[in-house]
Amino acid sequence: MSYINENFLNLQQSYLFANIAKKVAKYSEEHPDKKIIKLGIGDVTRPIVPACVEAMHKAVDEIGTQEGFKGYGPEQGYEFLRKAIVEKDYKKRGVDLELDEIFVSDGAKCDCGNIVDIFAQDNKVAITDPVYPVYLDTNVMSGRSGEYNQNTGTYENIVYLPVTAENNFMPELPKEKVDMIYLCFPNNPTGTVLPKEELKKWIDYAKQNNSIILYDAAYEAFITEDDIPHSIYEIEGAKEVAIEFKSFSKTAGFTGVRCAYVVIPKEVKGYTKDGKAIDLNQLWNRRTCTKFNGTSYIVQRAAEATFTEEGQRQIEENINYYRENAKIIKEGLEEAGFTVYGGVNSPYIWLKVPEGMTSWEFFDKLLEEVNIVGTPGSGFGPHGEGYFRLTAFGTRENTQEAIERIKNWKNI
Ligand code: MLT
């Protein structure tokens with residue numbers, strides 16, 4: 001008899017974005033004449049910048065020669081890329097890291113999901129609510145949650161930290177002791193940010209409680225305001241308690257190319273049941289060597305090119321393009337009478353759905369009446385109910401058209 005991991009049966013519905021894609025495909029099949037504009041999943045639309053394309057071409061030619069051929073690369077990533085990350089991403093922010101504190105991978109979604117491997121099953125997990133579903137689902141899969149409560153839409157044993165307009169989108173510290181804390185800023189899905197002094201509170205909490213902060217910084221490139229941290233390590237003490245996830249997906253348009261990295265400073269410790277401190281860097285390295293054979297050489301060369309002067313300039317142009325989309329969406333929605341959050345330091349715009357409507361009802365109405373796809377806030381957790389997310393990653397034409405449709409929407 002082969003028994004299954006029954007924790008999987010504890011998951012609710014299918015994965016949020018798969019669920020939406022299915023709904024949209026059905027609507028599209030039934031209404032083939034409609035032009036649907038997708039501002040749902042945060043997938044980019046700008047082409048890969050020339051600096052990266054050239055780097056990939058060069059790498060392809062290189063591996064086609066005897067001297068340049070590459071087999072398995074280092075599981076943790078090639079030195080040239082880790083060096084570029086240390087020098088060009090962190091040093092410029094005053095953060096000193098060593099090469100072996102960086103682990104290059106094929107995506108932050110996998111990293112955020114896989115990291116649970118190195119933590120004990122009985123750790124208490126805290127997530128902000130609403131939240132990127134991967135943090136919760138992977139902890140449910142690995143047995144860190146209790147039963148799901150249909151009435152509250154929450155799991156036992158998971159600590160939910162509301163992030164809503166009522167608390168100005170700044171989560172409060174947990175009242176009880178938690179062991180693993182997921183934070184994502186600029187936040188997915190609300191598009192809001194946490195100033196340095198707020199983040200410092202979390203680091204102090206983690207130090208006092210020997211907890212670990214799992215900090216997802218996938219959207220840091222979109223920060224426009226001063227004094228908003230781009231990396232958690234900009235804050236004193238973070239290197240002792242935080243693991244940071246970074247991604248080239250939204251920064252350099254690598255959602256299809258696939259490249260990301262995890263930072264685990266050697267100071268970050270976890271504990272055995274008898275109180276012995278263990279380097280999480282060591283554990284993650286062991287896990288990586290066993291389960292991963294490295295990101296493709298060609299892709300890592302492309303990622304390296306994002307740090308060149310030319311690459312930085314070209315990427316910034318794309319980011320500005322999305323920032324402009326975010327402005328168009330934010331201002332257009334405000335003009336149409338919506339209350340809107342995010343969109344300033346983030347590609348995500350978080351709006352209040354009209355009074356008396358649920359997030360999913362608004363999803364259906366928006367799809368059916370103006371043929372626009374967004375993401376219902378409740379799909380990100382119970383405190384997302386009453387909200388709705390739009391992304392600025394669409395094309396300019398589609399973004400403008402979507403906003404015009406919403407402004408002219410009589411039946412709202
Ligand atoms: C999102 O839409 O929340 C993201 O694109 C999903 C992801 O990055 O995996």
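If I ask for residues that are part of a strand (DSSP E or B) and open to solvent by 10 Å² or more (accessible area, probe 1.4 Å), which ones from region 349-392 would you list?
Lys352
Residues checked against (1) open to solvent by less than 60 Å² (accessible area, probe 1.4 Å); (2) touching a residue at least 12 places away in the same chain (Cβ under 8 Å); (3) touching a strand residue (DSSP E or B) at 6+ places or on another chain (Cβ under 9 Å):
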| position | (1), (2), (3) |
| --- | --- |
| Ala242 | yes, yes, yes |
| Ser247 | yes, yes, yes |
| Ala252 | yes, yes, no |
| Val268 | yes, yes, yes |
| Lys276 | no, no, no |
| Leu283 | no, yes, yes |
| Arg287 | yes, yes, no |
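Residue count for region 364-390 under the criterion of being among the hydrophobic types (A, V, I, L, M, F, W, C) and either within 14 Å of the ligand (Cβ to nearest atom) or over 19 Å from Glu401 (Cβ atoms) (or both): the result is 4. Just one of the listed residues (Gly71, Gly77) is assigned by TED's automatic domain parsing to the domain that holds Met141 and out of contact with any strand residue (DSSP E or B) (no Cβ under 9 Å at 6 or more places or on another chain), and it is Gly71.
Would you check if Lys266 is away from the ligand (no atom under 16 Å from the Cβ) and either of a type in the set (Lys, Arg) or touching a Ser or Thr at 6+ places or on another chain (Cβ under 7 Å) (or both)? Judged against the criteria, Lys266 is a match.
Gly113 satisfies every condition listed in (1) touching a residue at least 40 places away in the same chain (Cβ under 8 Å); (2) within 11 Å of the ligand (Cβ to nearest atom) except (1).
Here Glu316 passes the criteria (1) assigned to a loop (DSSP other than H, G, I, E, B); (2) open to solvent by 40 Å² or more (accessible area, probe 1.4 Å) except the one numbered (1). Checking each residue in region 174-208 for being part of a loop (DSSP other than H, G, I, E, B), more than 16 Å from the ligand (Cβ to nearest atom) and surrounded by 15 or more Cβ atoms within 10 Å (Cβ to Cβ) picks out Pro174, Val178, Asp179, Val193, Leu194. Under the condition of being away from the ligand (no atom under 16 Å from the Cβ), outside any loop (DSSP other than H, G, I, E, B) and under 23 Å from the mean Cα position of the chain (by Cα), the residues counted in region 11-60 number 1. In the set (1) out of contact with any Asp or Glu (no Cβ under 8 Å at 6 or more places or on another chain); (2) open to solvent by 40 Å² or more (accessible area, probe 1.4 Å); (3) in the same structural domain as Gly384 (by TED's automatic domain parsing), Arg301 fails one condition alone, (3). Only one entry in Val125, Val104 is without any contact (Cβ under 8 Å) to a residue 60 or more places away in the chain, open to solvent by less than 10 Å² (accessible area, probe 1.4 Å) and more than 16 Å from the ligand (Cβ to nearest atom), namely Val125. Of Ile228, Ile235, Ile264, all but one fail to be without any contact (Cβ under 8 Å) to a residue 40 or more places away in the chain, under 18 Å from Tyr90 (Cα atoms) and touching a Leu at 6+ places or on another chain (Cβ under 8 Å); the exception is Ile235.
Consider Ser346 carefully, then state whether it is part of a loop (DSSP other than H, G, I, E, B) and hydroxyl-bearing (Ser, Thr, Tyr). Answer is yes for this residue. Taking the condition of being aliphatic (A, V, I, L, M) and open to solvent by 80 Å² or more (accessible area, probe 1.4 Å), how many residues in region 16-75 meet it? Within region 16-75, residues that are aliphatic (A, V, I, L, M) and open to solvent by 80 Å² or more (accessible area, probe 1.4 Å) number 1.
Among the residues in region 217-224, are any more than 18 Å from Gly342 (Cα to Cα) and outside the structural domain of Ile41 (by TED's automatic domain parsing)? No, region 217-224 contains no residue that is more than 18 Å from Gly342 (Cα to Cα) and outside the structural domain of Ile41 (by TED's automatic domain parsing).
The values are calculated or read from the model by the stated rules, or taken from the named source; none is laboratory data. Here the structure is a predicted model, which means the values were calculated and not measured. Every residue, glycine as well, gets a Cβ built from its backbone with ideal geometry; the counts of neighbours run over all protein chains shown. Just so you know, the surface numbers come from the protein's heavy atoms only, side chains and all, with ligands and any DNA or RNA stripped out. Shrake-Rupley method; radii C 1.70, N 1.55, O 1.52, S 1.80 Å.
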